[in-house]
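Remarks on the structure that follows.
The values are calculated or read from the model by the stated rules, or taken from the named source; none is laboratory data. For clarity, every value in this text was computed on a predicted model and none was experimentally measured. No Cβ is skipped: glycine too gets one built from the backbone with ideal geometry, and neighbour counts run over all protein chains shown.
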Amino acid sequence: MKNLNLKRVAIAGFITYAIGVAAFLTSFFVPVMSNPELQANFVLAFAIIPASIIGASFYLKKDFQTKGLLVGIGMFIITMLLDAIITVPVFVIPHGGDFVSFFTDPGFWLIALL
């Protein structure tokens, strides 16, 4: 097993994050449910699976021989950091939320486990 390429893991995590945020925000412009936040969480829950596959595919396209679990954990850490640096200050706090409510929300952890 070769070492984990941290630069590629970071890029793969960013790709996953960008697709997830784009899906989440776009869902607000297509009202299907009466609760737009619940709708956005459903969309994110479905979008995160292909987003993770795309991110992992980016990492693995150079034929790196590594454990997929390590890549997944690395991508999750990167997306959590990006959530803390970008998502919470830009999208959550202006709407009355905070870091604690965002990171202790059971929906966040359910989506993370997907």
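Counting only residues that are without any contact (Cβ under 8 Å) to a residue 60 or more places away in the chain and under 15 Å from the mean Cα position of the chain (by Cα), which one in the stretch 61-80 is surrounded by the most Cβ atoms within 10 Å (Cβ to Cβ)? If you could, list the steps in order and put the result at the bottom.
Initially, the stretch 61-80 is screened for residues without any contact (Cβ under 8 Å) to a residue 60 or more places away in the chain, giving 61-63, 68-69, 72-73, 80.
From what's left, under 15 Å from the mean Cα position of the chain (by Cα): 72-73, 80.
On the way: G72: 18, I73: 13, M80: 16.
Top of the filtered list is G72.
Conditions (1) under 24 Å from V9 (Cα atoms); (2) modelled with pLDDT of 90 or more, marked per residue:
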residue	(1), (2)
M33	no, yes
A40	no, yes
K62	yes, no
I77	yes, yes
G96	no, yes
S101	no, yes
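For the stretch 49-60, how many residues meet the condition of being in contact with a helix residue (DSSP H, G or I) (Cβ under 8 Å, 6 or more places away or on another chain) and either crowded, with 21+ Cβ neighbours inside 10 Å or at pLDDT below 95 (or both)?
Residues that pass the stated criteria total 7.
Tell me yes or no: at least one residue of the stretch 84-104 is in a helix (DSSP H, G or I), touching a helix residue (DSSP H, G or I) at 6+ places or on another chain (Cβ under 6 Å) and among the hydroxyl-bearing types (S, T, Y).
No.
Can you find even one residue in the stretch 28-42 that is among the β-branched types (V, I, T), without any contact (Cβ under 8 Å) to a residue 60 or more places away in the chain and assigned to a helix (DSSP H, G or I)?
Within the stretch 28-42 (the criterion being among the β-branched types (V, I, T), without any contact (Cβ under 8 Å) to a residue 60 or more places away in the chain and assigned to a helix (DSSP H, G or I)), the answer is no, since none of the residues qualifies.
I need a count of the residues in the stretch 1-48 that are closer than 20 Å to I78 by Cα and exposed (fewer than 11 other Cβ atoms within 10 Å of the Cβ).
3
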